[in-house]
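First comes the structure, then the notes that go with it.
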């Protein structure tokens with residue numbers, strides 16, 4: 001657990017009064033407007049000048065804040081967040097059980113930004129004791145802001161009451177289904193590359209199919225040098241070209257015309273993006289059978305469309321084969337005494353393949369350099385969500401019932417989910433059976 005400026009936990013008297021401010025569960029954000037409904041704001045700008053606060057520590061669910069109002073006083077606030085409430089205590093004791101001046105000034109300063117202070121940062125139910133926090137969380141505490149995130153070793157953490165607030169899984173609605181010749185050496189060839197992006201570059205563009213000219217190796221088995229990509233507006237006129245090339249060139253031009261405007265847009269219209277993904281997916285379903293037997297197919301990791309004007313980097317261009325087989329997803333739930341993990345396997349035929357880089361719509365078997373089109377868009381979005389979270393969801397044992405109701409039950413209705421017993425034996429997931437085995 002990475003912690004900056006950490007100090008020892010503050011001991012709070014058991015009878016200390018906590019004032020309760022309601023929060024909206026879905027956002028748990030406090031604004032100055034919210035605060036004004038609990039304390040009459042002082043008049044004039046002078047009352048808000050010279051006030052300072054400093055975050056001191058975060059231990060056992062309590063965020064300790066040192067407050068220095070402009071009147072020269074000093075107090076400490078103790079803040080605790082529930083799903084729909086902010087609990088506030090002050091060392092002044094809050095006379096008459098009302099929100100005190102120090103709390104108002106401290107919280108007002110924390111909420112100075114228009115959008116307020118995001119108290120969801122410190123809402124991690126079940127992870128507050130020091131042992132769990134050290135194992136599962138990474139905490140960065142600054143003077144005015146705190147950032148808490150999941151330890152990458154545990155992927156994304158299920159948060160009771162919020163599910164997955166930082167990165168929601170895709171909605172699950174559909175059950176899944178349970179599919180030219182080589183040239184002489186050192187010869188110029190005309191072929192096609194699947195151009196894609198992964199990771200944080202993935203949403204820069206959808207996969208494209210772009211032609212290129214290349215030179216084969218001495219034995220004619222592969223392409224060893226590449227020209228610039230032939231952009232659709234520069235496609236050569238092949239009146240006597242092979243019919244298959246004419247078909248692929250037509251698809252290339254259409255795909256490019258659809259994808260390019262979205263990629264260049266300064267303000268992304270996500271509704272248009274989602275509807276375009278359906279169109280692009282349907283086109284690739286039509287393209288794939290044409291590429292199966294086409295020689296010298298390549299895949300290319302393309303970070304930006306603007307790089308298409310440059311010569312392809314040889315290290316990013318890889319020979320690839322296409323298959324009409326479609327991958328299926330199966331999920332594995334494993335019990336680790338105090339917590340569960342959920343992971344996904346990508347199955348091709350009877351083989352599980354390892355996927356480290358996930359572009360839109362495709363997966364690659366890097367051992368065989370084979371490219372597979374996803375079976376459905378739901379599968380694609382779900383696998384993207386899992387791979388972006390290190391292919392691991394971690395659930396504390398005490399949150400398992402809630403997690404099953406919120407997510408796992410729907411997942412197991414639509415996908416194959418297996419549970420691994422302590423012996424290592426895998427069985428089909430059944431909530432009641434898991435409870436009886438683990439005792440949760």
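Since every read-out is calculated from the coordinates, none of them should be taken as a lab result. Keep in mind that what you see is a predicted model, and the values were worked out from it rather than measured. Note that we place each Cβ from the backbone using ideal geometry, even for glycine, and neighbour counts take in every protein chain shown.
Annotations for the structure displayed:
- Mean ellipticity per residue at 222 nm, deg cm²/dmol - from DSSP H runs of n ≥ 4 across the chain, formula -39500 (n - 2.57): -6500 deg cm²/dmol
- With a Förster radius of 30 Å applied to the C-beta separation of residue 73 and residue 97, the computed FRET efficiency comes to 0.90.
- At R0 = 41 Å, FRET efficiency that the Cβ-Cβ distance of residue 26 and residue 244 yields, to 0.05: 0.20
- For the stretch 328-438, the relative contact order is 30 percent, taking Cα pairs closer than 8 Å that sit 6 or more residues apart in sequence and dividing their mean separation by the residue count.
- Averaged over residues, the count of other Cβ atoms within 10 Å places the peptides 44-50, 326-332 in the sequence 326-332, 44-50, highest first.
- Rounded to 5, the percent of DSSP beta bridges in the stretch 328-438 classed as antiparallel: 80
- Label point 7 Å beyond Cα of residue 270 along Cβ direction - residues of the stretch 371-399 with amide nitrogen under 19 Å: 377-389
- A prolate overall shape is assigned to the stretch 30-152, the ratio a/c of its alpha-carbon gyration tensor axes (a ≥ b ≥ c) being 1.5 or greater and a/b exceeding b/c.
- Taking 0.36 nm per residue of separation and subtracting the Cα-Cα distance, full extension of the segment from residue 221 to residue 375 would add 52.4 nm.
- The antiparallel fraction among DSSP beta bridges confined to the chain stands at about 85%.
- Using R0 = 56 Å, the C-beta based FRET efficiency linking residue 233 and residue 130 works out to 0.35.
- For the chain, the spherically averaged projection of the C-alpha convex hull amounts to 27.4 nm².
- Length gained when the stretch residue 309-residue 286 is fully extended (0.36 nm per residue, less Cα-Cα span): 5.6 nm
- Spacing of the two label points (7 Å from each Cα toward its C-beta) at residue 427 and residue 38, in nm: 4.8
- Burial ordering of 371, 92, 195, fewest other beta-carbon atoms within 10 Å first: 92, 371, 195
- Average Cα contact separation per residue, the stretch 1-152, under 8 Å, 6 or more apart, as relative contact order %: 32
- When only alpha carbons are used to place a centre, the stretch 358-391 and the stretch 313-328 end up 12 Å from one another.
- Cα centroid separation - the stretch 255-299 against the stretch 52-114, whole Å: 52
- Three-way shape call for the stretch 265-346 based on the alpha-carbon gyration tensor, with the a/c threshold at 1.5: prolate
- Fewest-first ordering of 426, 32 by other beta carbons within 10 Å of each residue's beta carbon gives 426, 32.
- For the stretch 311-422: rounded, prolate or oblate by the Cα gyration tensor [a/c cutoff 1.5]: prolate
- Where a label projected 7 Å from the Cα of residue 174 along Cα→Cβ would reach, residues of the stretch 361-383 with amide N under 16 Å: 361-362, 373-383
- Protection proxy ranking of 220-226, 156-162, by the mean of other Cβ atoms within 10 Å over each peptide's residues and highest first, is 156-162, 220-226.
- Cβ crowding within 10 Å ranks 292, 230, 393, 258 as 292, 258, 230, 393, fewest other Cβ atoms first.
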